[in-house]
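Comments concern the structure below.
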Amino acid sequence: MSKSLKYVLGALSNWPVIFLGILIILFSLTLIGSHLIIAIILIIVGLALTTGIHGFQIDPNKKVYRQYLFMLGFTMGKWHRYDAIEKIFINSMVESQTIYSRTNQSNTVKKHKLISFLKFDDGRKIELYEGKNKSSLLKKLNRVAQDLSTHIQDNTTN
């Protein structure tokens, strides 16, 4: 029997979109008595916005993997074959955004974050988890590395 491993990587939407989905659901409940079809459509849209997650699934015995979207009870994603897993690695990244005021003065905001990847022997890379806290990221990655019998390479400086 094949053992498929599933890792939930995060919500499909950020919190403002999830909040919008909740508002749509609440609004649609007020329409149930007068506009049933519109209410049902809005409930489906609201549920899609609030329940969507993305993840990674791998079957080491069959040597297949997929990145998937889970929405409204359906899992969507194409399976891909691989020969071997090379490693899991962590990179650091700096995101910056420059904000301009009306007087043409600028302010640059920088955020540091860590991104982890699973690398296959043919060079393909799949993004796994990301975060700001290295210890919590390593905790998640240690489980994945143990499940897949591979090692973690830390490419960060801190």
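The values are calculated or read from the model by the stated rules, or taken from the named source; none is laboratory data. Note that the structure is predicted; figures quoted are calculated from it, not measured. Please note: Cβ atoms are built from the backbone with ideal geometry, for glycine as well, and neighbour counts cover all protein chains shown. For accessibility, only protein heavy atoms count, side chains too; no ligands or nucleic acids. Shrake-Rupley method; radii C 1.70, N 1.55, O 1.52, S 1.80 Å.
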*How would Asp83, Asp59 line up by accessible area, probe 1.4 Å, largest first?*
Asp83, Asp59
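Which FRET efficiency, nearest 0.05, do Ser92 and Thr150 yield, Cβ-Cβ r, R0 25 Å? The partial results should precede the final answer.
Values: r = 21 Å, r/R0 = 0.82.
After rounding, the FRET efficiency stands at 0.75.
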_Quick check: Cα centre of the stretch 1-65 to Cα centre of the stretch 87-150, how many Å?_
24
_Spin-label pair Leu26/Thr157, simplified geometry with 7 Å Cα→Cβ offset, distance in nm_ = 4.6
_Quick check for you: which residues of the stretch 136-158 have the amide N under 13 Å from the point 7 Å beyond the Cα of Tyr7 toward its beta carbon?_
137-153
*asked:* Would any residue of the stretch 127-149 have its amide N under 14 Å from a label point 7 Å out along Cα→Cβ of Ala84? List them or say none.
replied: 149
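Could you do me a favour and compute the accessible area per residue for the stretch 7-53, 1.4 Å probe, result in Å²?
Values: 2960 Å² over 47 residues.
For the stretch 7-53, the solvent-accessible area averages 63 Å² per residue.
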*For percent of Cα pairs over 21 Å apart, the choices are (1) 48; (2) 56; (3) 61; which was calculated from the structure?*
(3)
*Tell me which lysines have Cα within less than 26 Å of Lys62's Cα, excluding those fewer than 8 residues away on the same chain?*
Lys3, Lys6, Lys78, Lys87, Lys119, Lys125, Lys140
